[in-house]
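Comments concern the structure below.
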Amino acid sequence: MTKVIDGINISQNLKDNLKKEISFLQSKHNKVPGLAVVQVGDVAASSVYVKAKTKSALEVGIEVIDHHLNSETNQNDLIKLIYKLNHQQNVNGILVQLPLPDHINEQVILDSIDPEKDADGFHPLNVGKLSISSKNDENLLLPCTPFGCLLMLKELNVNLEGKNAVIVGRSNIVGKPMAQLLLKESCTVTIAHSKTTELKKLCMSADILVAAIGKPEFIKGDWIKKNAIVIDVGINRVQKEINGELKNKLVGDIDFEEVKIKASAVTPVPGGVGPMTIACLLKNTTTSFKKNLLK
Ligand code: GUN
């Protein structure tokens, strides 16, 4: 029987534990973690994510410092805001929602965030730490989506050592850090991308397949090795005919109904990786807060 990995449930457990921990720390130190949420412009998908992140943060007892700037904001003004947040005592985590408008250089902005407040784990120092740190380093600020994928894999209680892991997608946000995390688990890792030849054949060799390409239902059932574990990072809005009517629907990068027949475990969209990304953002913010308490 294929297991559909329940990201809502796993993320809820994680959030419940964070809420308890934050409440305990508040009673001891009279402080709660603070997360600055910075959005520039009004990209519809970003607004949805920011709203969901804010709601979850408040639920676990994290204070949210909201900065919604207009799409014309210039790069220098955004950097000035980040410097201010870097020094602000009640801010432990800074999240700059991506993508940013074209006139702003994303990497310059990510580089300006204090690495100790880097709730997304995108700063070059944290990217470097991920690649050289030991397996169980609790203090790392890990990119939230791959971190969430790893926690879902761990919930399955399967031995990851020596497994062939194929990651489709080489982004800085998902593909590359996912590869580092699975390498640390002693998987044999391959990153595939748009120029990979014989992609289907490569996917068929995967014991663990992570799909992060941004193409709706791209990976089909006959690409999957029997009993593989499949993690679907894609969130694609498509129109589908349901009972003769065109309806908007969220789908992942895998053809879920087909893949489900072959895989031993698979994440759904929605309700898979998405909620885990948010829970890991809250976990990172709490990690930064705890480190700051020790200073
Ligand atoms: N845009 C898409 N995914 C993410 C994410 O994980 N963090 C941020 N900041 N922006 C994103």
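Data overview
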{"item": "Principal axis dimensions, the chain - Cα atoms, whole angstrom, descending", "result": "53, 41, 36"}
{"item": "Among beta bridges that DSSP assigns inside the chain, antiparallel share in %, nearest 5", "result": "20"}
{"item": "Principal axis dimensions, largest first and in whole angstrom, of segment 26-154 by Cα", "result": "42, 36, 28"}
{"item": "Dipole magnitude of the chain, debye to nearest 20 (Cβ charges: Lys/Arg +1, Asp/Glu -1, about Cα centre)", "result": "600"}
{"item": "Heavy-atom accessible area order for Asp120, Asp114, largest first, 1.4 Å probe", "result": "Asp114, Asp120"}
{"item": "Surrounding net charge for Gly93, when Lys and Arg each add one and Asp and Glu each subtract one, Cβ distance under 9 Å", "result": "-1"}
{"item": "Rounded if a/c under 1.5, otherwise prolate or oblate - segment 3-84, Cα gyration tensor axes", "result": "oblate"}
{"item": "At most 12 other Cβ within 10 Å, DSSP loop - GluC sites (Glu not before Pro), segment 177-262", "result": "Glu198"}
{"item": "Per DSSP, loop GluC sites (Glu not before Pro) in segment 24-120 with at most 13 further Cβ within 10 Å", "result": "Glu72"}
{"item": "Largest-first ordering by accessible area, 1.4 Å probe, given options Tyr83, Tyr49", "result": "Tyr83, Tyr49"}
{"item": "Accessible surface, per residue, of segment 1-102 when the full set of protein chains is kept, probe 1.4 Å, Å²", "result": "55"}
{"item": "Helix-only mean residue ellipticity at 222 nm for the chain, each DSSP H run of n ≥ 4 adding -39500 (n - 2.57), per residue, nearest 500", "result": "-13500 deg cm²/dmol"}
{"item": "Accessible area, probe 1.4 Å, largest first, for residues His67, His87, His29", "result": "His87, His29, His67"}
{"item": "Restricting segment 1-100 to trypsin sites (Lys or Arg not before Pro) in coil, as DSSP defines it, with at most 10 other Cβ within 10 Å", "result": "none"}
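The values are calculated or read from the model by the stated rules, or taken from the named source; none is laboratory data. Worth saying up front: this structure is predicted, and the values here are computed from it rather than measured. In this analysis, Cβ positions are derived from the backbone assuming ideal geometry, glycine residues included, and neighbour counts consider all displayed protein chains. Just so you know, the surface numbers come from the protein's heavy atoms only, side chains and all, with ligands and any DNA or RNA stripped out. Shrake-Rupley method; radii C 1.70, N 1.55, O 1.52, S 1.80 Å.
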